[in-house]
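Heads up: the structure comes next, in C-alpha cells.
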Amino acid sequence: MAVKAFSFKSLLSLFTSRVLHKRLKNTRSLQRKLSTNAHLASFKLKRYSSSSSPPLDNSTNLIFNVESALLKSTSLFPYFMVVAFEAGGLMRALILQLLYPFVCLVNEELGMKVMVFVCFCGIKKKSFRVGMAVLPKFFLEDVGVEGVDVLRRGGRKVGVSDLPRVMVEGFLREYLEIDVVVGRELKEFHGYYLGLMEDKKKGCCHALENVIGHDDHDSVVGFGSLDKLLDHQLFSLCKEMYMVTEADKRSWTYLSKEKYPKPLIFHDGRLAIRPTPLTTIAIFMWFPLGLLLAITRALIGTLLPYKLSTPLLAFIGIKLRLVTLPNKVPSLNISTNDTKQKKGVLYVCNHRTLMDPLYLSTILNKPVTAVTYSLSKVSELLAPIKTVSLTRDKQKDSKILEKLLSQGDLVMCPEGTTCRENYLLRFSPLFAEMGDEIIPVAMDSHVNMFYGTTASGIKCLDPIFFLMNPCPSYTVKLLDKVNGVSACGGDNELRLKVANHIQEEIGKALGFECTMLTRKDKYLILADNEGIVNSSTCMKL
C-alpha cells in the first residue's frame, strides 16, 4: 500500500515539475530571442496596460495574436475537445481526454500536433462545419473586453493563430470582422484531413503584404504576449509591439453578449458547457447515468397521466414553471364572423426545443395536437401527444390546419425552427388567418450540459439529449388572447400585422429581441443548406 502511495506521489510530482519546467523554458526561450534576434532592434517593445494602450486609428494596421491578445484562457484544450466531440464523436473525445496528461508533459508544439491528429485525422473536409457553426460561441465566451477594445480602434487587422485556420477563421471573420486570418493549414488527401499541419510560418509575410502593401510597414503595430509574440515572423515587420502578461490577462473582464461586435444568434453542437479537462471528465462520468435518466423521464412522461408524471418528473430534476400574465398584453381586436363553426383554441408559441408542445400540454393538463414543419419518424412515434407534419405548401397546410382546429385545440410554432439564444425568428403569418381564438405562449428553456436541438446532427436524438441534462428547466408564460383574421378573407396585410404583433408581445414577455431571420437563414449559416425541405414545396408564406 505504501509503495502504491509513493508511486502516485512520485507521478504527481513528476507531472507538476514537467509543467513548471515547460513554462520556465518558454520564459528562458523568450529571453534568448530578445537578446539574439537582430530584427527585434527594428521596433519598440512596450508593455500593454489600460493606461498605455496602443495609439491606433483607422490608418493603423494591427497584427495580433489571437490566443494571447484576445482570449483570456491560456489552454487550447477546450477548443480541440469541442472539435473532437462535435465532429468526431464520443470515442474520439474520450481518446483526447486520455491523452491530455501527455499533452501537458511534452512541449507546446508537440502537444498541439497530438491534439490536431486526434481531432482531425479522417474527418471529411467538405462536411466540417464546427469552425463556423460551433466554435464561435466558445471563442466569444472567452474573449476579454480589453482585447476587443484594442481591435476596435485599429484599421486593417491581421489575426495570427497557432490553431488550424479552419478552427478560427469563421469566428474572426464573421464576428470580429478581421481582414486576414493567418493560421495553421491542415494537410488533406482526397478530401479528408490527415491530422497533420503545414509549417506555421508558411505564407505569413505574403498575407501581410496583401493587406498593408509593400511600403507601408511603418504603420504596423503588433499586439501579443511575452510567450507567443515572436513565434511568427509577421511580428518582425511591426514598428511597435505591445505585449500583455498572463497576470494582466487574468484581470481582464469577459465580454458580455450585449457587447459582442456581431450578435451570436445561431450556433450548433451538443455541448452547452465549456469542455475544460475537469468538466469533460464530469461529462463522461455523467453520460451513462444521464442516458438512463433520459429514458426514465421519457417513460414517465409517456406512460403516466399528468397528475402523476408532473410531480415525478419534478422529483428527478425537471423544472417546469408556469407564469400567467392576465391583462398585461393588449389584445389585437379584430371582428370575427360568429356564424362560423366554433374552432378549437390555437396556441402559438416561440420554438425552443421539440419539447415545447409537451410542456404546454402538461401546463394545460390536457393533450393538444402539435403541428410541426419537420419531425423525425422516431420522434413522431414516441411523442405522447398527436403530431401532424406540415408540407410548407400554403394551400395544403391551410386545409390541414382547418381540419385540425375543427377537431380541437392546436399548438403551433410559427418560427419553423428552434433558436437557442434570446432572439425570435420571423413568425410565419399562416396561423393568423386560421384560428379564431389565438393564445400566445412565451416559452423559455435552460440546459446545463447538452443542447436539445441541432441543425446538422441526428434529429431524433434531440429530446434524449435534452432529457440527459441534470436539471433541465422550462418556463411557460400564457399571454392574453388575440383574435384571428379568418373572417376577413385572409387579408395579407392584416395577417402580417397579427403575426408581428404576437411575435412582439412574446418577445416582450421573454425579454427576447425580434428579428426577421428565418429557418432558411439558420440552416445556411449552420449547415450550409436550406434545411430538409423539398424545394418544390418550400413557399414563402
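Here, each number is a calculation from the coordinates, and none is a lab measurement. What you see is a predicted model; the values in this text were computed from it and never measured. Note: ideal-geometry Cβ built from the backbone for every residue, glycine included; neighbour counts use all protein chains shown.
Odds and ends about this structure:
- Each label point was placed 7 Å from the Cα along the Cα-to-Cβ direction; for K396 and K319 their separation is 4.2 nm.
- Residue-span extension gain [K113 to F189] - 0.36 nm each, minus C-alpha spacing: 25.6 nm
- Close amide H pairs (under 5 Å, H built 1.01 Å from N) link S456 with G269, residues at least 5 positions away or on another chain.
- Over segment 445-509, equivalent-ellipsoid semi-axes from the Cα gyration tensor in Å: 35, 16, 9
- Across the options M167, V180, G154, the greatest Cα extent toward the positive end of the charge dipole of segment 151-190 (unit charges at beta carbon of Lys, Arg, Asp, Glu) belongs to G154.
- With a cut-off of 12 Å on the backbone N, the residues of segment 403-417 near the modelled label site 7 Å out from S374 along Cα-Cβ are 416-417.
- Packing-based order for 411-419, 124-132, using average beta carbon neighbours within 10 Å, highest first: 411-419, 124-132
- Here's the picture: charge each Lys and Arg Cβ at +1 and each Asp and Glu Cβ at -1 in segment 365-455, and of L430, H446, A383 the one pushed furthest to the positive end of that dipole is A383.
- Inter-centroid distance (Cα atoms) of segment 109-170 relative to segment 249-297, Å: 17
- For segment 255-262, Karplus couplings with θ = phi - 60° (6.51, -1.76, 1.60), whole Hz, Gly/Pro x: 6, 6, 4, 5, 9, 4, x, 9
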